[in-house]
1. Just to be sure before I move on: is L228 in a helix (DSSP H, G or I), of a type in the set (A, V, I, L, M, F, W, C) and in contact (Cβ under 8 Å) with a residue 60 or more places away in the chain in the structure I sent?
2. For region 52-104, which residues satisfy the criterion of being among the aromatic types (F, W, Y) and surrounded by 14 or more Cβ atoms within 10 Å (Cβ to Cβ)?
3. Taking the conditions exactly as written (within 23 Å of L177 (Cβ to Cβ) and of a type in the set (G, A, S)), does G83 satisfy them or not?
4. Which residue, of G126, G100, is modelled with pLDDT of 95 or more and not in a helix (DSSP H, G or I)?
5. Working only within region 205-242, note down all residues that are within 27 Å of F78 (Cβ to Cβ) and either at pLDDT 90 or above or loosely packed, with under 12 Cβ neighbours inside 10 Å (or both).
6. Filter region 111-134 down to the residues that are without any contact (Cβ under 8 Å) to a residue 40 or more places away in the chain and not aliphatic (A, V, I, L, M) and list them by number.
7. So in region 160-187, with the set limited to residues that are among the aliphatic types (A, V, I, L, M) and farther than 30 Å from D35 by Cβ, which one is surrounded by the most Cβ atoms within 10 Å (Cβ to Cβ)?
Amino acid sequence: MNDLARFCRAVLACAALFLTGCATAQNHDDLPNNDPLEPFNRAMYRFNDTLDRAVLKPVAKGYVAVTPDFVRSRISNFFSNLGDLAVFANDLLQGKLEQGSQDGVRFLMNTSMGLLGFFDVATGAGLPHHREDFGQTLAVWGWDNSTYLVLPLLGPSTLRDSMGLVGDYPFTFYAYLNTTYTKEAEIFAFQTVHTRSNLLAATNVLETAALDPYAFMRDAYLQQRRNLIYDGHPPPLPDDDQ
């Protein structure tokens, strides 16, 4: 894979991870931040934020201005349907056989009846979208807590979730694209811009709600990941029992 393809993949992950937890983030002083690498992480946060402000956010705004909402909604459905392959694989790896069967049917239904996933017919049929990835799988296997890590270009993560990004790659359709590096880079770049356009409102939340955006994002990410690992029902933190 050439450098441009790697860059596009990295920016896509940055856009997706950059704000996934921000819309619901709250200040939780009792949530362990597990951030011994804070000096490095803050430097990487500033680098990523500069890149987002200078390149990704302006391009995403232009994309929203020229693309109708209906079209962007169909594109979101298409990429979400492709992502359901990794969800299905991680369902099985985590031993969630019933959920895995539902997610497998969801993918087949949206791919066929939903015209390659452009229309989400499965949700209306009682098969909601789930979020499972290899980082969560590693947590289920025993790597419960992990050091917070901000990756250059990739954004908020942990050591465990960084390994999860690698583990998820074989389950993505990108691993099997039979095309040129240039065409692959174009697909990554388009998905990057589209994903970032869906997160413009969340950016405003981060910029206006936090005195320390870095700490806000860190706590939001760790809280959101903990919630996902425990399927929305995390056990009480130690301070919660006092």
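The values are calculated or read from the model by the stated rules, or taken from the named source; none is laboratory data. Keep in mind that what you see is a predicted model, and the values were worked out from it rather than measured. Don't worry about glycine lacking a Cβ; one is built from the backbone with ideal geometry, like all the others, and counts go over all protein chains shown.
1. Working: in a helix (DSSP H, G or I): yes; of a type in the set (A, V, I, L, M, F, W, C): yes; in contact (Cβ under 8 Å) with a residue 60 or more places away in the chain: yes.
In short, yes.
2. Restricting attention to region 52-104, the residues satisfying the condition of being among the aromatic types (F, W, Y) are 63, 70, 78-79, 88.
Correct list: Y63, F78, F79, F88.
3. Details: within 23 Å of L177 (Cβ to Cβ): yes; of a type in the set (G, A, S): yes.
Considered against the rule, which asks whether it is within 23 Å of L177 (Cβ to Cβ) and of a type in the set (G, A, S), G83 comes out as yes.
4. Numbers: G100 fails: not in a helix (DSSP H, G or I).
Step by step, each of G126, G100 is checked, and only G126 is modelled with pLDDT of 95 or more and not in a helix (DSSP H, G or I).
5. Hits for region 205-242 are Y221, Q224, R225, N227, L228, D231, G232.
6. Step one: of region 111-134, the residues without any contact (Cβ under 8 Å) to a residue 40 or more places away in the chain are 111-116, 121-128.
Passing the criteria: T111, S112, G114, T123, G124, G126, P128.
7. Our first condition is that a residue be among the aliphatic types (A, V, I, L, M); within region 160-187, this holds for 163, 165-166, 175, 177, 185, 187.
Cutting the leftovers down to farther than 30 Å from D35 by Cβ gives us 175, 177, 185, 187.
Values: A175: 9, L177: 13, A185: 20, I187: 17.
This residue is A185.
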